Amino acid sequence: MAITLNTSALITIYGGSGFLGRHVVRALAKTGARMRVAVRRPELAGHLQPLGDVGQINAVQANVRFPDSLIAAARDADAVINLVGILFASGKQTFKSVQDEGARNVAEAARAAGARALVHVSAIGAAADSPSMYARTKAAGEAAVREVFPEAVIIRPSIVFGPEDDFFNRFASLAQLFPVLPLIGGGHTKFQPVFVGDVAKAVVAALEGRAGAEAPYELGGPEILTMKEVMRRVLDYTMRKRPLVPLPFWLAKLQGFFLQLLPKPLLTVDQVRLLERDNVVSDDAIKAERTLEGLGIEPVAIASVVPEYLEQYRPRGQFSVYKP
């Protein structure tokens with residue numbers, strides 16, 4: 001169902017203070033809509049306030065593991081957006097509790113609040129038969145949302161990039177710190193990185209009724225790159241030379257077993273399993289026009305954004321002159 005996005009509209013955004021959330025809030029602020037950003041720690045969401053007018057953005061406490069907090073945050077909302085997701089499990093924040101049960105809890109809160117629209121952001125690769133727990137719980141979350149709120153629009157982005165991303169920035173940081181870079185599985189896994197601003201535009205388009213609920217929308221950028229090509233781009237943009245050494249999946253899993261014990265893991269076994277499958281827009285989505293282009297959004301190219309924010313990793317930082 002379409003929502004008229006103006007000063008009368010109230011949108012509840014779960015997980016709105018994160019990387020993607022900041023851009024969704026910025027895109028919605030331009031429409032004049034009022035936002036209730038529901039996060040675990042609202043005192044840390046002050047960076048959202050400058051994105052809108054005075055009183056337009058209000059941070060409240062909510063946790064997808066506690067249904068009552070979700071219902072309170074969704075009260076009187078015209079629409080609900082779920083951006084909550086994790087890259088690795090930590091304590092009670094497990095994949096199942098956040099991405100499976102948490103997604104159901106959000107959908108039930110939206111239904112209980114009488115929201116007219118729900119946009120659920122999942123991920124390309126979500127599949128019940130995936131070797132990765134991340135991908136399996138993403139699929140379970142989608143199924144739960146469909147069951148509770150059948151008219152919900154589900155959006156599956158590929159790897160999302162932008163100034164604060166944990167993709168290009170991570171590899172650039174590794175290139176800065178280590179003399180050799182590993183290519184997990186030989187670097188053959190394919191990605192279709194999508195600009196964070198384009199994903200935010202797609203969320204707004206879904207709220208405005210430009211996306212259907214029959215099947216998920218898959219969002220990818222204009223280029224499909226292998227992991228090896230991604231690493232070469234990073235080295236080019238950061239003006240560094242590093243050998244790229246193939247690392248078999250079994251050995252990467254062994255490393256991930258130990259690295260996942262860190263407070264913020266550099267690599268986990270589940271992330272290695274995720275790399276065993278390509279992360280690109282499917283042929284079915286392209287044929288059905290359930291893509292950025294199908295929503296009338298022209299994808300932003302990697303080369304037009306990434307070199308600028310990776311300059312901090314160059315040998316002389318901003319004083320290094322990059323020539324494409």
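Read-outs: derived from the displayed coordinates by stated rules, not from any lab. Note that this is a predicted model, so its numbers are computed, not measured. Neighbour counts run over all protein chains shown; Cβ positions are idealised from the backbone, glycine included.
Comparing Ser173, Ser8, Ile86 along the charge dipole axis of the chain, the residue lying farthest to the positive side is Ser173, per the Cβ-charge model.
Residues of the range 190-232 with an amide N closer than 14 Å to a point placed 7 Å from the Cα of Glu289 along the Cα-to-Cβ direction: 210-212. Over the chain, Cα pairs under 8 Å with separation of 6+ residues give a relative contact order of 17 percent. Helix content alone sets the calculated 222 nm mean residue ellipticity of the chain: runs of n ≥ 4 DSSP H residues at -39500 (n - 2.57) each, divided across all residues, give -9500 deg cm²/dmol. Could you tell me which of the pairs Lys92/Lys138; Lys241/Lys323; Lys228/Lys253; Lys241/Lys264; Lys96/Lys201 are separated by over 21 angstrom between their Cα atoms in the structure shown? Beyond 21 Å between Cα atoms: Lys241/Lys264; Lys96/Lys201.
One decimal place: the segment Glu147-Arg41 gains 35.2 nm when fully extended, by the rule 0.36 nm per residue minus the C-alpha distance.
Across the range 291-307, coupling constants 3J(HN,Hα) worked out from phi with the 6.51/-1.76/1.60 Karplus curve, θ = phi - 60°, read 9, 4, 4, x, 8, x, 10, 7, x, 7, 7, 4, 5, 8, 10, 5, x Hz, and Gly and Pro carry x. Label separation (Leu261 vs Asp129): 3.6 nm, computed from points 7 Å beyond Cα along the C-beta direction.
Summing Lys and Arg as +1 and Asp and Glu as -1 over all other residues whose Cβ lies under 14 Å from the Cβ of Pro179 gives a net charge of +3. In the range 216-239, whose amide N lies under 19 Å from the spot 7 Å out along Cα-to-Cβ of Phe319? List them in ranges. In the range 216-239, the label zone of Phe319 (backbone N under 19 Å from the point 7 Å along Cα→Cβ) covers 238-239.
Amide H contacts of Leu247 (H built 1.01 Å from N, in plane; Pro and chain starts excluded): Leu183, Ile184, Gly185, Gly186, Gly187 sit under 5 Å, all sequence-distant by 5 or more or on other chains.
Charge tally around Gln56: other residues with Cβ under 13 Å, Lys/Arg +1 each, Asp/Glu -1 each, net +3. Taking packing as the residue-averaged number of other Cβ atoms within 10 angstrom, the listed peptides 82-92, 51-61 run from highest to lowest as 82-92, 51-61. Does anyone have the angle between helix 133-148 and the longest principal axis of the chain? Alpha-carbon axes, 0 to 90°, nearest 10? Its long axis makes an angle of about 20 degrees.
Close amide-amide hydrogen proximity is noted between Leu219 and Arg156, Ser158, each under 5 Å apart and 5 or more residues distant or on a separate chain (H modeled in the peptide plane; Pro and chain starts excluded). A simple spin-label model places the labels of Thr31 and Glu276 4.0 nm from each other, with each point 7 Å out along Cα-to-Cβ.
Which net charge results when you count Lys and Arg as +1 and Asp and Glu as -1 among the other residues whose beta-carbon is under 12 Å from that of Ala288? Around Ala288, the charge tally is -4. For the range 20-26, the Karplus equation 6.51 cos²θ - 1.76 cosθ + 1.60, evaluated at θ = phi - 60°, returns couplings of 5, x, 4, 6, 5, 4, 4 Hz by residue, with Gly and Pro reported as x.
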